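Everything on this sheet refers to the single structure shown next.
Here, each number is a calculation from the coordinates, and none is a lab measurement. Remember, predicted model here, so these are calculated numbers, not experimental data. Cβ atoms come from the backbone with ideal geometry, glycine included; neighbour counts cover every protein chain shown.
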Amino acid sequence: KERVFSGVQPTGNLHLGNYLGAISRFVPLQERYDCIYCVVDMHAITVPQDPKELRRQIREVTAAFLAAGIDAERHIVFNQSQVAEHAELAWIFNCIARIGWLNRMTQFKEKAGKDRENASVGLYAYPTLMAADILAYRATHVPVGEDQKQHLELTRDVAQKFNNDYAAAIAENGHGDAFFPLTEPLIQGPAMRIMSLRDGSKKMSKSDPSDYSRINLTDDADAIAQKIRKAKTDPEPLPSEEAGLQSRPEAANLVGIFAALKGVEKSQVLREFGGAQFSSFKGALVDLAVEKMGPIGAEMKRLVADPGHIDAVLGKGAERARVIARETLDAVYDIVGFIRSA
Ligand code: TYM
């Protein structure tokens, strides 16, 4: 059975990159797949978090899911820490994944910085918990932005090594020749890597100290307009073909944002705006961004005003997620040779 899983960390400001690269793409998948969307609070604490702020942000990410159009009745929306099976499976995977694999993870290197000795063990083991998130549901498809590609490759490696290492037990327990699927990443479209509005060589990120580097999902129309007008550009008019965007990272980024917001390809945007000056293109981009993002921000604010409702949605989602994850864990415990009381 085909199943989609994806997660978003409740850390810092949700921004246009999270929306275009991930959350907005979760929505249409609901038509074709059973979908499970998770607020990964256990991943968030791999770096220090203020407890009150973390709780607020868990609710805010949930609100963003709902505001974007995720149906928590037909699909599953929950927070990771309420389903203990993620942590249980992560431990098994810590014993499957190799230190050498984790040493190659570029996100760890970036986040740990120079003082690697002082990074948390959790930050290092982050990718095995992510593999557990996905494989607890034996998900077949994972929509993410480009920055998560390496983590998904590791998830496939973990699944494959588990399937190989325990091949005999998997067969004996009646699961055929593979227990975990080799999950496919869904990384496509014009917005897989949205860049900072201040610097086309840096990705738009929750942790950039400059608020002008990103459009937050909760920004109002004035803030959106100001940030787009101040966004870095170059002095040339827009090209009429995609090849003309090469070595123009800021222009490429704004055209990609426009295309993703409008739901078209970059080439189509350039057919319309080729030859235009940035002043007029930015005007059109402001209108489009305000039209598309304004209602989502407003709905998020409405939803977070009622934390009781959000917590109830998460609680119900966790209950349903747990049923699926428990079934996986019971099977995994049998496969690895643990004893379970009947
Ligand atoms: P996180 O919380 O950093 O980001 C959430 C999603 O947003 C995407 N994204 C972007 N896409 C395009 N341009 C950008 N500038 C940009 N910035 C972020 C991310 O690729 C991601 O899809 N490790 C994950 C969370 C996670 C997860 C999982 C994802 C935990 N377990 C299981 C999928 C499946 C993360 O830190 O995402």
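Axis of helix 278-304 versus longest Cα principal axis of the chain: the two differ by about 40°, to the nearest ten degrees. Between TRP91 and GLU265, the modelled label-to-label distance comes to 5.0 nm, taking each label 7 Å out from Cα in the direction of the beta carbon. When the listed pairs LYS202/LYS227; LYS111/LYS203; LYS1/LYS161; LYS52/LYS232; LYS161/LYS202 are checked against a 24 Å cut-off, the alpha-carbon distance exceeds it for LYS52/LYS232; LYS161/LYS202. Shown is the FRET efficiency for GLU291 and ALA171, computed with R0 = 51 Å from the Cβ-Cβ distance and rounded to the nearest 0.05: 0.40. Take every DSSP beta bridge whose two residues both sit in the chain; close to 10 percent of them are antiparallel.
Structure remark: mean-square fluctuation, Gaussian network model of the chain, C-alpha springs under 10 Å; the largest value among ARG229, ARG302, ARG322 belongs to ARG302. Peptides 259-266, 126-133, ordered by how many other C-beta atoms sit within 10 Å of their residues on average, highest first, read 126-133, 259-266. Neighbours of ASP311, meaning other residues whose beta-carbon lies under 14 angstrom from its beta-carbon, give a summed charge of 0 when Lys and Arg score +1 and Asp and Glu score -1.
Computed over the chain with a Gaussian network model linking Cα atoms closer than 10 Å, the most mobile of ASN253, ASN103, ASN79 is ASN103. Looking at region 156-243, the pairs of alpha carbons with a distance over 15 Å make up 74% of the total. Centroid-to-centroid, using Cα positions, region 253-271 and region 15-53 are 24 Å apart. Let me know the shape class of the chain, please: from the alpha-carbon gyration tensor, a ≥ b ≥ c as square roots of the eigenvalues, rounded when a/c is under 1.5, otherwise prolate if a/b is greater than b/c, or oblate. Prolate, because a/c is 1.5 or more and a/b exceeds b/c. With R₀ fixed at 41 Å, the C-beta to C-beta distance from GLU2 to ASP222 puts the FRET efficiency at about 0.45.
Starting from the Cα gyration tensor of region 25-153, take the square roots of the eigenvalues, sort them a ≥ b ≥ c, and report rounded, prolate or oblate (rounded when a/c is under 1.5, otherwise prolate if a/b is larger than b/c, else oblate). Prolate is the answer for region 25-153, as a/c is 1.5 or above and a/b outweighs b/c. Once you've got the Cα coordinates, tell me which of LYS230/LYS266; LYS149/LYS301; LYS109/LYS266 are over 24 Å apart. As for pairs spanning more than 24 Å Cα to Cα, those are LYS149/LYS301; LYS109/LYS266. Between the helical axis of 85-94 and the longest alpha-carbon principal axis of the chain there is an angle of about 80 degrees.
Residues with beta-carbon under 15 Å from that of LEU329, excluding LEU329: net charge, scoring Lys, Arg +1 and Asp, Glu -1? Combined, the nearby Lys, Arg, Asp and Glu give -2. Taking Cβ atoms as reference points and 10 Å as the exclusive limit, the residues near ALA131 contribute a net charge of -1, counting Lys and Arg as +1 and Asp and Glu as -1. Output the 0 to 90 degree angle, nearest 10, between the alpha-carbon long axis of helix 307-336 and the longest principal axis computed from the alpha carbons of the chain. Helix 307-336 and the main axis of the chain meet at about 40 degrees. The overall shape of region 278-329 is oblate: from the C-alpha gyration tensor, with semi-axes ordered a ≥ b ≥ c, the ratio a/c is 1.5 or greater and a/b is no larger than b/c. Net charge dipole, region 234-283: roughly 160 debye, given to the nearest 20, about the Cα centre with Cβ charges of +1 for Lys and Arg and -1 for Asp and Glu. Taking amide H atoms as placed 1.01 Å from N in the peptide plane, the amide H of GLU184 lies under 5 Å from those of HIS141, VAL142, each 5 or more residues away in sequence or on another chain. From the alpha carbon centroid of region 281-305 to that of region 137-195 is 34 Å.
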